[in-house]
1. Determine, yes or no, whether residue 42 is of a type in the set (A, V, I, L, M), open to solvent by 20 Å² or more (accessible area, probe 1.4 Å) and outside any helix (DSSP H, G or I).
2. Looking at the stretch 187-227, which of its residues are among the hydroxyl-bearing types (Ser, Thr, Tyr), within 27 Å of residue 333 (Cβ to Cβ) and surrounded by fewer than 19 Cβ atoms within 10 Å (Cβ to Cβ)?
3. Answer yes or no as to whether residue 22 is open to solvent by less than 10 Å² (accessible area, probe 1.4 Å), more than 8 Å from the ligand (Cβ to nearest atom) and touching a Ser or Thr at 6+ places or on another chain (Cβ under 7 Å).
4. Is it the case that the stretch 111-120 has a residue that's within 13 Å of the ligand (Cβ to nearest atom), at positive phi and either in contact (Cβ under 8 Å) with a residue 40 or more places away in the chain or open to solvent by 10 Å² or more (accessible area, probe 1.4 Å) (or both)?
5. When both residues are 6+ apart or on different chains and their Cβ atoms are under 6 Å apart, which pairs have a first residue that lies in the stretch 54-83 and is free of Cβ contacts under 8 Å to residues at least 12 places away in the same chain, and a second that is buried (at least 18 other Cβ atoms within 10 Å of the Cβ)?
6. Return the residues of the stretch 185-207 that are closer than 21 Å to residue 289 by Cα and of a type in the set (A, V, I, L, M); say none if nothing qualifies.
7. Within the stretch 349-375, work out how many residues are open to solvent by 40 Å² or more (accessible area, probe 1.4 Å) and closer than 28 Å to residue 24 by Cβ.
Amino acid sequence: MTSPLTFKKVAVIGAGPAGLMAAHMLRNEGLDVVVFERAAQLGGCWVYSAEVESDLLGHDPTRKIVPSSVYASLRTNSPRESMGFRIFPFVPTGKVGRDSRRFPGHQEVLRYLEDFAYEFGLNKLICYQTDVRHVGLETDGKWMVKYRRVGGDKGSDMAETYDAVVVCNGHYTEPQLADNIPGIDLWPGRQIHSHNYRVPELYQDQVVVLIGHASSAVDISRDIAGSAKEVHVTTRSEAAGKLAKFGKHPVYDNLWLHPMIEQAHEDGRISFQDGSVALADVIIHCTGYKQHFPFLHTNGVVNVDDNRVGPLYKHVFPPALAPGISFIGVPFYVDPFFLFELQSKWVAGVLSGRLSLPSEEKMMEDVEAFYSELEAKGIPKRFTHRIHDFKQLSGWSYEYEDWLASESGCPPAEEWRKGMYIASVDRAFKQTETFRDEWDDEDLVLQAYKDFMQYLS
Ligand code: FAD
C-alpha cells in the first residue's frame, strides 16, 4: 500500500497525448508534476515537421531525432468521436480554419491537443526543449532524471530527483526494418523508413517498393501513386492477401500488391515471390517501430526483447520497481488516447495512494501467467503489447480497457465507443479507399454526442 506522501514529486517524460493526459491526471490527484519534452512544442507525434532525420533508415543512434512520423497528407484512421479523450471529446470547434471532418487531418489533432492543454492549464507544467538522457533509481529510492537543454553545450546535463517517473516517450521514432531480404546490402537504390516519408513529390516518375501493408503503407502507397511511375507494395501478412487481392490494384493502374521480396539484385531489380520483377529506384520500409528507452537505467530490471517491454504488470508497472516507474502508451492496436486516459488515471491513483497495487510477487505471477498464455496461443513476443488482433474483429472485447477502468474507478468503455472502433477498423479493411468519407454508423455517432454532453460545458 502506498502512502500519499511518498510519491509527491513526479516527472513525466514526453508531452505527446500520453504525457499530457498523465500530467493532467497526476496533478488532479494532488501530485507535483514536471513534464520534460524534447521538442519546442507539445503534441508529440502530431507535430508535423517537413524535416527528416539525417539517417533515413534510423541506423545511426547519434542522429538528430525528429519525433514526428506524420506525412503531409495524413488524416486520422480512427473517427474523432472514439479517438478523443473521454473527458475532453474531440468535437468540431466551429472555429475558422479548423478541420471539422470526422477523420480530420493531422493539424486538427494537434490543435485538439493544444486545446486540451489550454483547457486544463498544462502548459505551465512542461519544460520544453529538454532531452531526458538518464532515468535511474538512486539508493534512497528516488529517481534521478538527467536532462540536457536541446541545442545546449555538450556536457551541460542537469540532474534532479523525483519520487516517481512516468514514461510517455511514445513508440513511433525508432524504425524497425525488414530483415532477411536477400541481396539488400548490395541493392543500389535509395532506402528510407516511413518515419521519414513526408510528401510524394520526391517520388515523381520513380519506381517505388513499399515493404509492409499496415495503415502507413496503405496511405503512403496511395499518396505516391499520384506521381510515381510504379508503386509495388509487398507484404508477408496473410491477412493482407485475404483482404486485398495480390496483383494490380482495381483503382490505381500503377499500384500492385505482392507477397514478399524474393531477392534484391545489384542491378536495381527487385524480384517478388509471385515471380514478378520491378526495376526500382526506392524502397520505403513501412515496417513499424521499436519500443525504445535509451535513457532508462534499471540494472536490467526492465528490458526490451523483440519489442516486449518487460516485465510490466498490465503493460504499465515493472513489479520490482513499482510504483516508482511506470509506462503509459506501450500497447498498440488500441484507440490510443482512451487507453492513455485509463492508464494515466490508474497510475495517478496508485501514486497518490488512492489505489494500491498487489505485492511484487503477485504482479510477477500475473505477468508470467500472461506470457505463458501468449506462448500457449502461439503469439510471438513482438505482439506482447498488441491489445486487439485486427485479424479477428469478431472476437474483440475491451477486456484490458475495462479492467483498467474498473481498477481506477472509471466507467467501462461505452458501448458506442467499442462498436465504433470495431466498425471503423472493419471499414478500413473493406473500403480502404473510402472509409474516411463514407460510413454507416450514424447511430453510434448520435450516441457518442449524447454522451459528450456531460463533458462539454
Ligand atoms: P508521441 O506522440 O510520440 O509523444 C512522445 C513525446 O515524447 C514526443 O513529444 C517526444 O518528443 C517526447 N520524448 C521522447 N523521448 C524524450 C526524451 N528522451 N526526453 C524528452 N522528451 C522525449 N493514433 C490515433 O489515435 N489515430 C490515428 O489516426 C493515428 N494515426 C497515426 C499515424 C502515424 C503515422 C503514427 C506514427 C501514429 C498514429 N497514431 C494514431 C498513433 C499515435 O502514435 C498516437 O495517437 C499518439 O500520438 C502516441 O502518443 P504518445 O504520447 O504515446 O507518443
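1. Numbers: of a type in the set (A, V, I, L, M): yes; open to solvent by 20 Å² or more (accessible area, probe 1.4 Å): no; outside any helix (DSSP H, G or I): yes.
Answer is no for this residue.
2. Going residue by residue through the stretch 187-227, those that are among the hydroxyl-bearing types (Ser, Thr, Tyr) are 194, 197, 203, 215-216, 221, 227.
Now drop any that are not within 27 Å of residue 333 (Cβ to Cβ), which leaves 194, 197, 215-216, 221.
Residue satisfying the conditions is 215 alone.
3. Working: open to solvent by less than 10 Å² (accessible area, probe 1.4 Å): yes; more than 8 Å from the ligand (Cβ to nearest atom): yes; touching a Ser or Thr at 6+ places or on another chain (Cβ under 7 Å): yes.
Taking the combined requirement at face value, the residue satisfies it.
4. Within the stretch 111-120, not a single residue is within 13 Å of the ligand (Cβ to nearest atom), at positive phi and either in contact (Cβ under 8 Å) with a residue 40 or more places away in the chain or open to solvent by 10 Å² or more (accessible area, probe 1.4 Å) (or both).
5. Going by the 6 Å Cβ cut-off, the qualifying pairs are 63/53.
6. Answer for the stretch 185-207, where residues must be closer than 21 Å to residue 289 by Cα and of a type in the set (A, V, I, L, M): 192, 199.
7. Initial filter on the stretch 349-375 (open to solvent by 40 Å² or more (accessible area, probe 1.4 Å)): 354, 356, 358-362, 364-366, 368-373, 375.
Next, only the ones that are closer than 28 Å to residue 24 by Cβ stay: 354, 356, 358, 366.
Residues meeting the conditions: 4.
Each row is one residue, and each column tells you yes or no for (1) at pLDDT 95 or above; (2) of a type in the set (Ser, Thr, Tyr).
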| residue | (1), (2) |
| --- | --- |
| 334 | no, no |
| 340 | yes, no |
| 344 | yes, yes |
| 351 | yes, no |
| 356 | yes, yes |
| 359 | yes, yes |
| 367 | yes, no |
| 372 | yes, yes |
| 379 | no, no |
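The values are calculated or read from the model by the stated rules, or taken from the named source; none is laboratory data. Small disclaimer: the values here were computed from a predicted structure and weren't measured. As a convention, Cβ positions derive from the backbone with ideal geometry for all residues, glycine included, and neighbour counts pool all protein chains shown. What goes into the accessible areas is simple: the full protein's heavy atoms, side chains included, and nothing from ligands, DNA or RNA. Shrake-Rupley method; radii C 1.70, N 1.55, O 1.52, S 1.80 Å.
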